[in-house]
Amino acid sequence: MDELSEAFENILEKIEFKKHQQFAEFLPKLIHVSNDSSKSTYAMYNNMVFKLDEFFKGMPNFQNEFGKDKKYLAGTHVLRAITDELGFELDDEELFIIYHLRDLGKFRKREKDLHDELKSLWTQPQYKEFALGDQDFSHAIKNLMRAKFIDYRRGNLHIKPSLIVRFKNRY
């Protein structure tokens, strides 16, 4: 079994959706091995691509799995399974921020405006667990930048359409 199919199995084990088969068919659109021709034959790592833009496009088919008023919980749940398997160390609050940015597209957003939007969401009872204070929010944004989910410059942030992850080969 190659590392890609093993990663898919591990992600599917963590997903608690009724549409399990549909999600299994959705995963290969999101994650694949990069066909980077410059990779040498003795390299220790494959370049995996996680297409965040494809994730956001396909997620509406699954986001109501936990209830119509809990779509952020479904998005955070899936991002948790995927990011854990790909080796990212992100908190649920940070995954919540990523999922909130799904409609941002190619536009940039100011950190303060994003925080104000999220504050109004965090007042809803189902999302209170994701609330962050001002300093924690800034730290979360910088952590997302270090993980390469967002570009962050001069107070503006922009979500990246895809991420390249180095994945260790298992010989």
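Across the range 56-88, what is the total count of residues that are of a type outside the set (A, V, I, L, M) and in contact (Cβ under 8 Å) with a residue 40 or more places away in the chain?
We begin by selecting, within the range 56-88, every residue of a type outside the set (A, V, I, L, M); these are 56-58, 60-72, 75-77, 80, 83-85, 87-88.
Adding the requirement that they be in contact (Cβ under 8 Å) with a residue 40 or more places away in the chain leaves 56, 61-62, 65, 69-70, 72, 76-77, 80, 84-85, 87-88.
So the count comes out to 14.
So is residue 155 at positive phi and in contact with an Asp or Glu (Cβ under 7 Å, 6 or more places away or on another chain) or not? Give the steps one after another, and end with the answer.
Numbers: at positive phi: yes; in contact with an Asp or Glu (Cβ under 7 Å, 6 or more places away or on another chain): yes.
Judged against the criteria, residue 155 is a match.
Restricting to the range 63-91, give me the number of residues that are open to solvent by 60 Å² or more (accessible area, probe 1.4 Å) and in a helix (DSSP H, G or I).
Just the residues of the range 63-91 that are open to solvent by 60 Å² or more (accessible area, probe 1.4 Å), to begin with: 64, 66, 68-71, 84, 89, 91.
Filter again for in a helix (DSSP H, G or I), leaving 68-71, 84.
Residues in the range 63-91 being open to solvent by 60 Å² or more (accessible area, probe 1.4 Å) and in a helix (DSSP H, G or I): 5 in total.
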Exercise for the section: Looking only at the range 138-151, count how many residues are over 30 Å from residue 6 (Cα atoms) and touching a residue at least 40 places away in the same chain (Cβ under 8 Å). Expected result: 1
Practice task
Filter the range 113-123 for residues that are over 17 Å from residue 155 (Cα atoms) and surrounded by fewer than 12 Cβ atoms within 10 Å (Cβ to Cβ) and give the result.
Solution key: 120, 123
Handout entry: Number of positions in the range 104-129 that are under 20 Å from residue 78 (Cα atoms), in contact (Cβ under 8 Å) with a residue 40 or more places away in the chain and assigned to a helix (DSSP H, G or I)
Key = 3
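Quick check on this structure: which one of 104, 4, 86 is modelled with pLDDT under 90, farther than 26 Å from residue 136 by Cα and aliphatic (A, V, I, L, M)? Steps first, answer last, please.
Values: 104 fails: farther than 26 Å from residue 136 by Cα; 86 fails: farther than 26 Å from residue 136 by Cα.
So the residue among 104, 4, 86 that is modelled with pLDDT under 90, farther than 26 Å from residue 136 by Cα and aliphatic (A, V, I, L, M) is 4.
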Fill in the blank from the handout: (1) within 30 Å of residue 111 (Cβ to Cβ); (2) modelled with pLDDT under 85 all hold for residue 80 apart from (2)
Practice task
Please find, among 101, 132, the residue that is in contact (Cβ under 8 Å) with a residue 24 or more places away in the chain, open to solvent by less than 40 Å² (accessible area, probe 1.4 Å) and in a helix (DSSP H, G or I).
Solution key: 101
Handout entry: Subset of the range 20-77 that is at pLDDT below 90 and β-branched (Val, Ile, Thr) - its residue that is farthest from residue 97 (Cα to Cα)
Key = 41
Fill in the blank from the handout: Checked pairs for the range 160-171, first outside any strand (DSSP E or B), second of a type in the set (S, T, N, Q) and at pLDDT 55 or above, C-beta under 8 Å and 6 or more apart or across chains, list as 169/46
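The values are calculated or read from the model by the stated rules, or taken from the named source; none is laboratory data. Note that the coordinates shown come from a computational prediction; the quantities given were computed from them, not determined experimentally. FYI the Cβ positions are ideal-geometry reconstructions off the backbone, even for glycines, and counts take in every protein chain you see. Surface accessibility is based on the protein's heavy atoms, side chains included, excluding ligands, DNA and RNA. Shrake-Rupley method; radii C 1.70, N 1.55, O 1.52, S 1.80 Å.
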